[in-house]
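Data block below; observations after.
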Amino acid sequence: MNDERQFLTRGVQKLGLSLTDANIDALLNYLALLVKWNRAYNLTAVRDPMQMVSRHLLDSLSVASLVDGQRILDVGTGPGLPGIPLAILFPERQFELLDSNGKKTRFLIEAKLQLGLDNVQVHCCRVESLRDEQGFDGITSRAFASLADMAGGCEHLLAPQGKLYAMKGQYPEQELSQLPKHFIVEACHTLSVPGVDEARHLMVIASQHSGEHSASDQ
């Protein structure tokens, strides 16, 4: 995996991130596990390990400096994207990974064990049925659903002042027009992912309702 290591290391530098050798090792171990499982379980349509570095690892890490919060829920995480790369980078933060596909969550449990990710918890269910009394500071999704579906499905899981972080390709103009009125787009970040020529955006969305709850709780 020397080629992948060089490509990943260069890509991380282009993203302006500071990763340790242990971080790089863990990301490559995750990649090797994904390549191995993908042969049998078809977890991702991307087959080439070098493409996985750019389209999965670097794509996930492109939002690392933009996602805030101590408790993060990654919805529709698939094989753990962006949740596992972010959990590797931020061991002091808690990441919960949710997917309704049993094959994918079995892979996630194996990856958690193999990589020693004590800051990761896995849920095999639909987001609508997940209950969490504390609420999450941030909820990420990567091409999981429309913005309206994400907002509707995840709103009950947001902590006061919590935010949705939706990773999109093209700027989702039509989806934005269908968002419920009490959701506010706080920021739209244009992302540049090394090795990926397509458009990438991160939408940061807050619910006015969660702000009202927090104000009344104080």
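Bear in mind these aren't lab numbers, they're just calculated from the coordinates by the rules spelled out. From a predicted model like this one, the values you see are computed outputs, not experimental measurements. Neighbour counts run over all protein chains shown; Cβ positions are idealised from the backbone, glycine included.
Here is how the numbers come out for the structure above:
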item	result
Computed Kirkwood radius, in angstrom, where 1/r is averaged over Cα pairs of the chain	17.6 Å
Highest-fluctuation residue, GLU173, GLU186, GLU92 considered, GNM on the chain with Cα pairs under 10 Å	GLU173
Within the chain, helix-based [θ] at 222 nm, where runs of 4 or more DSSP H residues each add -39,500 (n - 2.57), nearest 500	-11000 deg cm²/dmol
Segment 66-129, dipole about Cα centre (Lys/Arg Cβ +1, Asp/Glu Cβ -1), debye to the nearest 20	220 debye
Dipole magnitude (debye, nearest 20) for the chain, charges at Cβ of Lys, Arg, Asp, Glu	640 debye
Amide H within-cut-off set for VAL67, under 5 Å, with H built and near neighbours excluded	none
Signed unit charges on C-beta, dipole axis of segment 50-207, positive-most listed residue LEU158, VAL63, VAL196	VAL196
Using alpha-carbon coordinates, inclination of helix 21-41 to the longest axis of the chain, degrees	90 degrees
Antiparallel DSSP beta bridges within segment 66-217, percent to nearest 5	40 percent
GNM result for the chain, Cα springs below 10 Å: residue of ARG131, ARG200, ARG93 fluctuating most strongly	ARG131
Cα-based shape type of segment 1-116, given that a ≥ b ≥ c are square roots of the gyration tensor eigenvalues and the cut on a/c is 1.5	oblate
